[in-house]
Amino acid sequence: MTSMSTWTPRATRAFRKGLSVLRALPPMRLSQWAERYFYLSAESSHTEGRWRAYPPQVAILDAFGNDDIEEVDVRKSARTGYTKMLMAAMAYFTVFRRRNQALWQPTDSDAQEFVETEYNPMLRDVKVIKPIFPHLEKKHQHNTNSYKKFLGCVSYIKGGASARNYRRISVDVAIIDEVSSFDKDIDQEGSPRKLAKKRTEGATFPKLIVGSTPKLKYLCEISAAIDEAQAVYVCHIPCPHCGTYQSLHFGDKSSNHGLKWQDADPDTAAYLCPHCSA
């Protein structure tokens, strides 16, 4: 066998680049990877710069990246940084795990806007992506708004209103954003969750990520996903007075906890702890 020392520098670089997709990386949770490498782009963030997770985001990120969890469903409010967590997850699966991915938005126009305002800026600004994406910011058949080919993996970004946008795709990671805005039955072929999950069949580590703000209770796809979950996790925070950890609930007039106020005056609003009544 010819020694690499006798190769030209160009041949040596090409050989090492080709073998780079086989390199085993040390274990790293998604939250750790994001803290080290993820970046908030100016086009889609109030503050451009390095990612710093809020406490509730850490567990969600690590569930996204945990190969023992096949499905993660996130029922959320608006403005929780969920889209940024998806971006961090997609970057992690691209660079660190080299997994094929597909993400569906409710419509084709939503997918187009998502790529232009979120995904393309992320590919540009997360520097560790550049070595494995030779077509970055170039017009190429491997760099379109619906398809990106990296060294070792690919990503699809599509609208989810048509069943044909789920066909002929085989991925390790399937992501549905704002699932409660999708039709419950896509072209009479099944729910978006069913169609997306089908795309991961045969994967060594299949992953389905589904998230949305909820809508009407009995017509809401994300609430249906939560009802079917094997385990449900909610964020707990400590009462600043007694220290008891608890999840927050709105409550009502008769409950001994939740949001309370006086005489319809929002300036008096406060949260009543059910454990110490503070």
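Quick check on segment 236-246. Is at least one of its residues closer than 27 Å to residue 62 by Cβ and surrounded by 15 or more Cβ atoms within 10 Å (Cβ to Cβ)?
Here is the first cut: in segment 236-246, the ones closer than 27 Å to residue 62 by Cβ are 236-240, 243-246.
From what's left, surrounded by 15 or more Cβ atoms within 10 Å (Cβ to Cβ): 239, 246.
Taking every residue of segment 236-246 in turn, at least one turns out to be closer than 27 Å to residue 62 by Cβ and surrounded by 15 or more Cβ atoms within 10 Å (Cβ to Cβ).
For the structure I just gave you, tell me whether residue 196 is within 27 Å of residue 172 (Cβ to Cβ), open to solvent by less than 90 Å² (accessible area, probe 1.4 Å) and not in a loop (DSSP other than H, G, I, E, B). Give the steps one after another, and end with the answer.
Details: within 27 Å of residue 172 (Cβ to Cβ): yes; open to solvent by less than 90 Å² (accessible area, probe 1.4 Å): yes; not in a loop (DSSP other than H, G, I, E, B): yes.
Yes, satisfied.
Give the residue, chosen from 77, 31, that is in a loop (DSSP other than H, G, I, E, B) and either at negative phi or open to solvent by less than 20 Å² (accessible area, probe 1.4 Å) (or both).
Details: 31 fails: in a loop (DSSP other than H, G, I, E, B).
Being in a loop (DSSP other than H, G, I, E, B) and either at negative phi or open to solvent by less than 20 Å² (accessible area, probe 1.4 Å) (or both) holds for just one of 77, 31, which is 77.
Can you name the residue in segment 37-52 that is small (Gly, Ala, Ser) and touching a helix residue (DSSP H, G or I) at 6+ places or on another chain (Cβ under 6 Å) and is also nearest to residue 117 (Cα to Cα) among such residues? Steps first, please.
Residues of segment 37-52 that are small (Gly, Ala, Ser), as a first pass: 41-42, 44-45, 49.
Within this subset, residues satisfying the condition of being touching a helix residue (DSSP H, G or I) at 6+ places or on another chain (Cβ under 6 Å) are 41, 44.
Numbers: 41: 9, 44: 6 Å.
Only one residue fits best here, namely 44.
Can you name the residue in segment 39-68 that is within 19 Å of residue 173 (Cα to Cα) and part of a loop (DSSP other than H, G, I, E, B) and, of all such residues, is most open to solvent (accessible area, probe 1.4 Å)?
Of segment 39-68, the ones within 19 Å of residue 173 (Cα to Cα) are 59-68.
Still in the running and part of a loop (DSSP other than H, G, I, E, B): 66-68.
Details: 66: 58, 67: 45, 68: 141 Å².
Checking each candidate, the answer is 68.
Of these, 113, 137, 118, which one is modelled with pLDDT of 95 or more and surrounded by fewer than 16 Cβ atoms within 10 Å (Cβ to Cβ)? Break it down into steps so the answer makes sense when it comes.
Working: 137 fails: modelled with pLDDT of 95 or more; 118 fails: surrounded by fewer than 16 Cβ atoms within 10 Å (Cβ to Cβ).
Step by step, each of 113, 137, 118 is checked, and only 113 is modelled with pLDDT of 95 or more and surrounded by fewer than 16 Cβ atoms within 10 Å (Cβ to Cβ).
Name the residue that is most open to solvent (accessible area, probe 1.4 Å), counting only residues in segment 121-130 that are in a helix (DSSP H, G or I) and either touching a strand residue (DSSP E or B) at 6+ places or on another chain (Cβ under 7 Å) or within 11 Å of residue 44 (Cβ to Cβ) (or both). Steps first, please.
To start, the set of residues in segment 121-130 that are in a helix (DSSP H, G or I) comprises 121-125, 127-130.
Then drop every residue that is not either touching a strand residue (DSSP E or B) at 6+ places or on another chain (Cβ under 7 Å) or within 11 Å of residue 44 (Cβ to Cβ) (or both), which leaves 121-122, 125.
Details: 121: 5, 122: 5, 125: 22 Å².
It comes out as 125.
Please go through segment 94-110 and give me each residue that is farther than 20 Å from residue 159 by Cα and open to solvent by 50 Å² or more (accessible area, probe 1.4 Å), ordered by number. Show your work before the answer.
First pass over segment 94-110, keeping only residues farther than 20 Å from residue 159 by Cα: 94-99.
Selection gives 97, 98.
The values are calculated or read from the model by the stated rules, or taken from the named source; none is laboratory data. Computed from a predicted model, the values in this text were never measured in an experiment. Here Cβ is always computed from backbone atoms with ideal geometry, including for glycine, and neighbour counts include all displayed protein chains. To get the accessible areas, we keep the full protein, side chains included, count just its heavy atoms, and leave off ligands, DNA and RNA. Shrake-Rupley method; radii C 1.70, N 1.55, O 1.52, S 1.80 Å.
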